[in-house]
Amino acid sequence: MHKLLAVIRREFVERVRTRAFMISTVLGPVFMAVLIFLPVILASRQTAAKRVVVLDASTGSFGDRVEAALRNSRLGAGKSARPRYVVERLMAGDRLMPLRDSLVRQIGVRDATPDAPVGMLVLTESGLASGKLDYLGENVSSPSDMAALESTLEPVVLTERLVRQHVDPEVVKRASGRVDLNTAKVSGGKLTGESGTSSFLLAYIMTFILYFALLMYGIQVMSSVLEEKTSRIMEVLTSSLTPFQLMMGKVLGVGSVGLFQLSIWAAASLYLTTNLAPILRLLRLPPEAATQSSIPSISPSLLALFLTFFVLGFFLYAALYAAVGAMCNSQQDTQQAQTPVMLGVVSGFMCMFPVLNEPNGTLAQVLSLIPFVAPFVTPLRYSVAPPPWTEISLSIGVTALGVVAIVWVASRIYRVGILAYGKRPTFRELWAWLRTA
């Protein structure tokens, strides 16, 4: 037993002491903090109003309506709202193109003209009829700016068309009001206070972290086995340890590194999500600014379930990666041989999308009982719509049995492969290893 512990300790210490581990461990919480608070800070920062020139070549009251709508457009809400645009309107008459060309030369030239406009909106009768107005500006590559401008102009164009057809715009406005859904998650017959966006984001982040961790740490196990095999250190180690002890020592050692790192990230995530209001006060942001963040809170039960399936999933895939490293003789061989294992991890990640559509459907229930994808599916189902604990327990049990079976198969391949050199074995040779090892 002490020999197994020595291998585990060596694998753990060797990786924890590396600079890459320390940097990635620190960057995880930093990335979470940026993801949570950057939208809040960007939404709360003071933004200067953009100066826009309205070049009016239309007739009637269309230009007046556009000018009024732009002046009334606001950034933010409530008392802290501020004007989005500074508007200057010019009547073009029959000099539309000369004026347009002259204004184009002024847009964005702030060195010569400090109050140079950021853009120019051209109003014409043809644009009103087709609904395609011309905007020439330096901020056309900003999706948020263009979306805000389009949402401001759309009701103005509609109103002008209705007025010209002698239809009361207010009647049409009341009859064709926009519908916005305020989503709220319900779990176990109780409101959780989370929106649909936050629930999806939590599910996506969990699935991506598991996908990334299984690939990264699994490849570390494979690379470590291959390095010791190609350097012939394995021949010395097998004189004092059994191949099974070597394999399990590597899997447990690297797995403990991954679990340690994920635990740090999880603790940081719990702290950030449960202390959102105090942190906002430290940043001198109003408490209502928290509505700009879509990050949901993570319950301890979900965290425990996620870590449980991380351990099971890691044992399963790390054992397979160890077997791949043992039966290969070069990095080029491993790149080809690891493809089936990698496809298993990728398929688990891809299961996220059908499970999100119907988390308690038949497909989700079946996938929860397949050991290769259950580490992805079951925590995902629990984060969206928690299934009964009987299903969760069954999923854990079936996955654990699958891990035992995979470890048994991988250990037999590992036992022969670590001392086998030459070409990579064929499937027939692998079957012979399983029967004779």
Conditions (1) under 22 Å from Glu88 (Cβ atoms); (2) in a helix (DSSP H, G or I): number failed by Leu121: (2)
Check on Ser294, at pLDDT below 75, closer than 28 Å to Val398 by Cα and in the same structural domain as Leu380 (by TED's automatic domain parsing): no
Within segment 354-403, tally of residues that are of a type in the set (D, E, K, R) and more than 19 Å from Ser301 (Cβ to Cβ): 1
Positions within segment 16-35 being small (Gly, Ala, Ser) and either closer than 21 Å to Tyr271 by Cα or not assigned by TED's automatic domain parsing to the domain that holds Ile264 (or both), in sequence order: Ser24, Gly28, Ala33
Counted residues, segment 242-266 - those being modelled with pLDDT under 80 and either surrounded by fewer than 17 Cβ atoms within 10 Å (Cβ to Cβ) or in contact with a Cys (Cβ under 8 Å, 6 or more places away or on another chain) (or both): 2
Qualifying positions in segment 298-333 - surrounded by fewer than 19 Cβ atoms within 10 Å (Cβ to Cβ) and among the small types (Gly, Ala, Ser): Ser299, Ser301, Ala304, Ser330
Segment 66-82, residues that are at pLDDT below 90 and more than 14 Å from Leu149 (Cβ to Cβ): Gly76, Ala77, Gly78, Lys79, Ser80, Ala81, Arg82
Boolean, Ser130 is of a type in the set (Ser, Thr, Tyr) and surrounded by fewer than 17 Cβ atoms within 10 Å (Cβ to Cβ): yes
Every residue from segment 133-148 that is buried (at least 16 other Cβ atoms within 10 Å of the Cβ) and either in a helix (DSSP H, G or I) or of a type in the set (Ser, Thr, Tyr) (or both): Tyr135, Asp145, Ala148
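Residue by residue through segment 334-349, note down the ones that are surrounded by 14 or more Cβ atoms within 10 Å (Cβ to Cβ) and either of a type outside the set (Gly, Ala, Ser) or farther than 23 Å from Leu202 by Cα (or both).
We begin by selecting, within segment 334-349, every residue surrounded by 14 or more Cβ atoms within 10 Å (Cβ to Cβ); these are 334, 337-338, 341-342, 344-345, 347-349.
Hits for segment 334-349 are Thr334, Ala337, Gln338, Val341, Met342, Val345, Phe349.
Could you tell me which residue of segment 240-265 is nearest to Lys229 (Cα to Cα), considering only residues that are of a type in the set (Val, Ile, Thr) and in a helix (DSSP H, G or I)?
Within segment 240-265, the subset of a type in the set (Val, Ile, Thr) is 242, 251, 254, 257, 264.
Next cut, in a helix (DSSP H, G or I) only: 251, 254, 257, 264.
Numbers: Val251: 16, Val254: 18, Val257: 22, Ile264: 33 Å.
Ranking the candidates gives Val251 first.
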Pair list, Cβ < 6 Å and 6+ apart or interchain, from segment 363-387 residues that are in contact (Cβ under 8 Å) with a residue 12 or more places away in the chain to residues that are of a type in the set (Gly, Ala, Ser) and in a loop (DSSP other than H, G, I, E, B): Ala374/Ser368; Val377/Ser368; Thr378/Ser368
Qualifying positions in segment 388-427 - crowded, with 19+ Cβ neighbours inside 10 Å and of a type in the set (S, T, N, Q): Ser395, Thr399, Ser411
Residue in segment 358-379 that is crowded, with 18+ Cβ neighbours inside 10 Å, assigned to a helix (DSSP H, G or I) and modelled with pLDDT under 85 present: no
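Does Val87 satisfy the criteria of being within 16 Å of Ala49 (Cα to Cα) and surrounded by 12 or more Cβ atoms within 10 Å (Cβ to Cβ)? Can you show your working first?
Working: within 16 Å of Ala49 (Cα to Cα): yes; surrounded by 12 or more Cβ atoms within 10 Å (Cβ to Cβ): yes.
In short, yes.
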Members of segment 91-141 found to be charged (D, E, K, R), modelled with pLDDT of 85 or more and under 15 Å from Ala57 (Cα atoms), listed by number: Arg95, Arg100, Asp101, Glu125, Lys132, Asp134
Matching residues, segment 10-32, being of a type in the set (D, E, K, R) and either in contact with a strand residue (DSSP E or B) (Cβ under 6 Å, 6 or more places away or on another chain) or surrounded by 15 or more Cβ atoms within 10 Å (Cβ to Cβ) (or both): Glu11, Arg15
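The values are calculated or read from the model by the stated rules, or taken from the named source; none is laboratory data. Please read all numbers here as calculations on a predicted model, not as lab measurements. Cβ atoms come from the backbone with ideal geometry, glycine included; neighbour counts cover every protein chain shown.
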